[in-house]
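Here is the structure we will look at, set down as structure tokens.
Only the coordinates and a few stated rules stand behind these numbers; no lab work does. Bear in mind the structure is a predicted one, so any value in this text is a computation, not a measurement. We place every Cβ from the backbone using ideal geometry, glycine too, and count neighbours over all the protein chains shown.
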Amino acid sequence: MEVYYLDKEIAEWREEIKRIRESALPKGVRFGSLSGSGKHQDMVAEAASMIADIERKIKKKLLELEMARSEIIHYIMDIDDCQTRLIFKLRCLDHMTWNEVADKVGGMNSEYSVKKRFYRYLEKCS
């Protein structure tokens, strides 16, 4: 779940950058196109500072995400059964719903059966 929420958090920070850019500029003006002094330039400078801070946060979160994904990949690769490995990959790395996992795995698997297989494996390993 950590990977899922890190992905969501990064997406939210990227949306925040968009909101900052849109709110700091008058309509029709793009970053880098303002010159001189005044209210708009101050707003742009403040927005640029906020964006730089957020981009640093995003880079840090991307590193966390990469490390978490790496741990998950190692865990999944140690699963002996190929179908169980696929279920874990689809659910944990691709963030698919149980129904989507069942469809992708195929073989008459249901949402319930892939979910049960996932949790049985976790129980077995704990």
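Calculated FRET efficiency, D81 and E9, Cβ-Cβ r, R0 30 Å, to nearest 0.05? If you can, show how the numbers build up before the last one.
Numbers: r = 32 Å, r/R0 = 1.07.
After rounding to 0.05, the efficiency reads 0.40.
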* Rounded, prolate or oblate: which one fits segment 79-126, using the alpha carbon gyration tensor with axes a ≥ b ≥ c (rounded when a/c is under 1.5, else prolate when a/b beats b/c, else oblate)? -> prolate
* Asked: If a helix is a whole DSSP H run, which ones in the chain reach 30 Å or further along their own axis (Cα) and hold a mean Kyte-Doolittle hydropathy of at least -0.5?
  -> 39-77
* To do: Would you check the chain for Lys pairs whose C-alpha atoms are within less than 17 Å, ignoring same-chain pairs closer than 8 in sequence, and give me the count?
  => 16
* Asked: Measuring from centroid to centroid over Cα atoms, what is the spacing of segment 2-19 and segment 54-117 in Å?
  -> 19
* To do: Place a +1 charge on the Cβ of each Lys and Arg in the chain and a -1 charge on the Cβ of each Asp and Glu, then give the dipole magnitude about the Cα centre in debye, rounded to the nearest 20.
  => 220
